[in-house]
1. Checking the condition over 28 Å from Gln280 (Cβ atoms) and in a helix (DSSP H, G or I), which residue from Glu162, Glu113, Glu149 passes?
2. Any residue at all in segment 337-344 that is without any contact (Cβ under 8 Å) to a residue 12 or more places away in the chain and either closer than 30 Å to Asp82 by Cβ or not assigned by TED's automatic domain parsing to the domain that holds Gly172 (or both)?
3. Picking from Glu149, Glu137, which residue would you name as being modelled with pLDDT under 95, acidic (Asp, Glu) and closer than 20 Å to Met169 by Cβ?
4. For segment 216-255, list the strands (runs of 3 or more DSSP E) that sit wholly inside it and hold at least 1 residues that are under 25 Å from the mean Cα position of the chain (by Cα); which are they?
5. Of the residues Tyr50, Tyr22, Tyr34, only one is in the same structural domain as Val237 (by TED's automatic domain parsing), at pLDDT 95 or above and either at negative phi or touching a strand residue (DSSP E or B) at 6+ places or on another chain (Cβ under 6 Å) (or both); which?
6. Only one of Ile442, Ile375 is touching a Pro at 6+ places or on another chain (Cβ under 6 Å) and surrounded by 19 or more Cβ atoms within 10 Å (Cβ to Cβ). Can you tell me which?
7. Would you confirm whether any residue within segment 417-435 is in the same structural domain as Asp322 (by TED's automatic domain parsing), touching a Cys at 6+ places or on another chain (Cβ under 7 Å) and closer than 24 Å to Gly38 by Cα?
8. Tell me whether segment 116-133 contains one or more residues that are in a loop (DSSP other than H, G, I, E, B), under 25 Å from the mean Cα position of the chain (by Cα) and within 23 Å of Asp180 (Cβ to Cβ).
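The values are calculated or read from the model by the stated rules, or taken from the named source; none is laboratory data. Note that the coordinates shown come from a computational prediction; the quantities given were computed from them, not determined experimentally. We place every Cβ from the backbone using ideal geometry, glycine too, and count neighbours over all the protein chains shown.
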Amino acid sequence: MYDTIIIGAGMSGLAAGIRLAYYDQRVCILERHYTIGGLNSFYRLRGRDYDVGLHALTNVTPKGTKTGPLARLLRQLRLRWDDFAIAPQLGSEIAFPGVRLRFDNDLQTLHDEIAWAFPREADNFDRLSREIVAYDELSETHANQSAREVVSSIITEPLLVEMLFCPLMFYGSAREHDMDWGQFSIMFRSIFLEGLGRPAAGVRLILKHLVRKFRALGGELKLRSGVKRLAVENGRVTRVILENDEELEARNVVSSAGWCETMRLCDDGQPVVTSRAAGQLSFCETIATLDRAPSDLGHNRTITFFNDHDKFVWQKPDVLCDVRSGVICTPNNFAYDSPLDDGTMRITALANFDRWRSLDEEAYRVEKLRWYDRITESGVRFVPDYRGRVVETDMFTPTTIVRYTGHDNGAVYGAPEKQLDGRTHLENLFVCGTDQGFVGIIGSITSGIAMANRHCLRS
């Protein structure tokens, strides 16, 4: 009999497990795959290590900062800032036709860029920043207010509005076309007010510390232990039945599998609420290993968010991939103490899960090759053409995301409708992670901590 069973060994599940284990709870984390991390994981292919999911940590503040999500989670998990060894970005950009806005971990850089490119909007951008600083993220008063309506009432230049939405949507919007004002404010803070960073060792360093801490506290981690069913009686989960028919019991169950995915596990026949249907936004990503650092080719930007027309379209594409916009991440371009061994360029673009799923094995292989080239061709319009320096490639699609996360439709950011308090229709079943409402690595870890504190420690 466990105090808490956690479904999924991603960032949120591991963080929840650590938090509960600190209070002597008997905790078991169940992971259906052979490795941890979910979408934010890593793998080794043909002698090279690759990160999955992680472009950069958001909410990065300097060592010693006492406030903000990163400082709070380090305190809650009793980790040191040095455990994550975060190097700040060198500097990123938003690239639209005829305009590029640079930004880094100092908001003044973006302000100065806007003042130069859109002189009449400098004061308006200051006002927007003040509104976001004043926003109370614990209040749900404006949670469902359209961010486009709010931002457009302050910023009068339509092109600047589109440019501000591009990075925030790519890094955290489960909704097509728009964002909630609250989510926009949270993402604006995490990317522009706090900033981006990355451990030199990538996501594996973060996962290593989380797993080591969890196990040191007596936590139990079961890999290759997928959940087949949650047995429900009298409004409670009474047993967790694994795919091998092993049965486990716990006072509480916390699931990071996603809202729809968790509801389907319950055997009480409770329908999935239509308004909380699975998200539609998924991605393809190309990964190119180079024979030299991107800086040797003249590319010093950490991340480039690009869009090739004045209007930024954020919706599920009708074709396999939408290459009109994307994210170009250069893991080399962070302020590490020493350079990485390999040069790497990663390009992420919106993709259609249904179209990728409909392909047979041979067609899937061919389309991956074709769209690798198309995505890369689109990206090199905004960065130096690195194609002649590529020594190794890989690519993932929405079906890859489904295989390793179980998220319906390969929806990286889950369902558009979030369950902010983590509660379900069952007394002792709670959700954490993407569908609870926080996104990104720092957000996922924070979600696990918050749901553990709120539901499993108070009980």
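1. Unique residue meeting the criteria: Glu113.
2. Yes.
3. Glu137
4. 220-222, 227-233, 250-255
5. Selected residue: Tyr22, the only one of Tyr50, Tyr22, Tyr34 that is in the same structural domain as Val237 (by TED's automatic domain parsing), at pLDDT 95 or above and either at negative phi or touching a strand residue (DSSP E or B) at 6+ places or on another chain (Cβ under 6 Å) (or both).
6. Within the list Ile442, Ile375, the selection yields Ile442.
7. Checked against the condition, which is being in the same structural domain as Asp322 (by TED's automatic domain parsing), touching a Cys at 6+ places or on another chain (Cβ under 7 Å) and closer than 24 Å to Gly38 by Cα, segment 417-435 yields no hits at all.
8. Checked segment 116-133: no residue is in a loop (DSSP other than H, G, I, E, B), under 25 Å from the mean Cα position of the chain (by Cα) and within 23 Å of Asp180 (Cβ to Cβ).
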